[in-house]
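Below is the structure I would like to discuss, written out as structure tokens.
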Amino acid sequence: MDARRHLGDDRLPSKARPKNPDMTESATSDSPGITKELATGKFTDKMLADMRALIGTELRTEASINNEYATRTAILRFCEGIGDGNPLWTCADYAEQSHYGTLVAPPSYIFACLGGVQVGWPGLGGFHCETTIKFFKPIRLGDKITCRVVFQGFDGPTADSNFGGRRIKDYILQQYINQNGEVVADFICSRMRFERTEMQKRAETRKLEVPHPWLDDELEAIEEAILAETPRGNQPRYWEDVQVGDEIDTITKGPLGLTDFIAFIAGGAAPIPRVSAHSVALHKYRKHPKWAFRDPKTHALEPVYSVHYNDYAARLQGAQIAYDVGIQRTSWGIHALTNWMGDTGEVREIFGQYRAHVFLGDVIRLGGRIDAKEVDADGNHLVRITTWAHNQRDQNVMPGTAVLALPTCAVGNAA
């Protein structure tokens, strides 16, 4: 697919405006500087007008790029960071015997190239609330991936809610393109923006027992279930053998520890902008004070992103303790799909909503059910799946859907 012609959905103008030179607020003479609190902005008419003026703007990506090339070690580190040991991504000898003839990356590897870009909404809090992705090409060993990011607009603000007061939902298209100019994937990232003071006021209404008080026998059962998981591998799962109502294999993540969250970052995904240290970080924070806060316990400067590994920061965001990253959760869901479909299946589309925080100590079980089978106009044999991710509180923290292409007995291979 030609990257110049494929642009996502109707929100994107036929020709995106030039890249904005600086999509984040800079320190000014009236800037309050870095404090022990996360920034507490408010919705204003000016803010909303400024954001409407940005619709259609192509955003800079330099500060958020994590991997440009799909090297063996980059793919391996990402897979380790999401806990996916499928040999199709991690073992060259195995992958060379597959129909790809080489190592390939899991579909979620796009997040290791660029997880996201922040735009505007100075001082407001944000949660990734929804993901929509269409996949067009696999990422093969050695591919160079670039990303085009466009701010597509927003809905709201909504009226006051019990969850966190007024909020908006914005839309950013992230388009991943390989060295041949082919679109690999279109990812529409939607975030909920809210006033942190309102979210903090309502924190008590969402209070849970965290971390979860697991018993030893429960932990043993969880770990045995994880150890029993295995990808289908080189045994094709034929479209003819799948029936409506069948459920895919369940995979389990957790109990989630701090190292699980750090491994995701070390795998090259998520931080927006990239996590940095010492003088490099300090220069950034002085230029953009709302990117950081000072931890009152350690007195160190921490990025807003640390809500995902720093309990104090998470509480400032209106959560109880540190919680997962949206695209991390989506990567787990894709892991469940690829484990089930086998080497000759393809993930074509996914959609998911993030309905609740996944906290340190939580356990998530990811699965799905076949809702429909069809053959499209191009002869692809597809299955449509309702997907879920249940925590130990019986909450579905990521309801969604997926479309997979499976091999057919008549052809023998979908790829």
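The values are calculated or read from the model by the stated rules, or taken from the named source; none is laboratory data. None of these values were measured; they are calculated from a predicted model. In this analysis, Cβ positions are derived from the backbone assuming ideal geometry, glycine residues included, and neighbour counts consider all displayed protein chains.
Going by the structure shown, is C79 out of contact with any strand residue (DSSP E or B) (no Cβ under 9 Å at 6 or more places or on another chain) and surrounded by 17 or more Cβ atoms within 10 Å (Cβ to Cβ)?
Criteria met by C79.
Only one residue in R191, R202 is surrounded by 12 or more Cβ atoms within 10 Å (Cβ to Cβ), touching an Asp or Glu at 6+ places or on another chain (Cβ under 6 Å) and either at pLDDT 95 or above or more than 26 Å from I370 (Cβ to Cβ) (or both), so which one is that? Working first, answer last.
On the way: R202 fails: touching an Asp or Glu at 6+ places or on another chain (Cβ under 6 Å).
Matching residue, one of R191, R202: R191.
Cβ contacts < 6 Å: first residue farther than 21 Å from S98 by Cα, restricted to the range 223-239; second residue at pLDDT 95 or above and polar (S, T, N, Q), any location; separation 6+ or different chain. Result?
Between residues of the range 223-239 that are farther than 21 Å from S98 by Cα and residues that are at pLDDT 95 or above and polar (S, T, N, Q), the close pairs are A225/T252; I226/T252.
Another one. How many residues are within 20 Å of the chain's Cα centre (by Cα) and either free of Cβ contacts under 8 Å to residues at least 40 places away in the same chain or not in a helix (DSSP H, G or I) (or both) if we restrict to the range 310-342?
Number of matching residues: 9.
Take residues that are more than 22 Å from the chain's Cα centre (by Cα) and modelled with pLDDT of 90 or more and tell me which of the helices (runs of 4 or more DSSP H) falling wholly in the range 23-103 contain 3 or more. Please lay out each step first, then the result.
Numbers: elements: 45-53, 72-82, 87-90, 92-96.
Once the helices (runs of 4 or more DSSP H) in the range 23-103 are filtered for at least 3 residues that are more than 22 Å from the chain's Cα centre (by Cα) and modelled with pLDDT of 90 or more, what remains is 45-53, 92-96.
Restricting to the range 343-360, what's the tally of residues that are buried (at least 19 other Cβ atoms within 10 Å of the Cβ) and part of a loop (DSSP other than H, G, I, E, B)?
Total satisfying the criteria: 7.
So A322 ticks every box in (1) modelled with pLDDT under 95; (2) surrounded by 23 or more Cβ atoms within 10 Å (Cβ to Cβ); (3) more than 25 Å from K169 (Cβ to Cβ) but one. Which box is left unticked?
Result: A322 fails condition (3) only.
Which one is nearest to D260 (Cα to Cα) among residues in the range 364-414 that are out of contact with any Gly (no Cβ under 7 Å at 6 or more places or on another chain) and among the small types (G, A, S)?
Among residues in the range 364-414 that are out of contact with any Gly (no Cβ under 7 Å at 6 or more places or on another chain) and among the small types (G, A, S), the one nearest to D260 (Cα to Cα) is G367.
Picking from E302, E374, which residue would you name as being over 15 Å from the mean Cα position of the chain (by Cα), under 30 Å from S276 (Cβ atoms) and assigned to a strand (DSSP E or B)?
The unique qualifying residue is E302.
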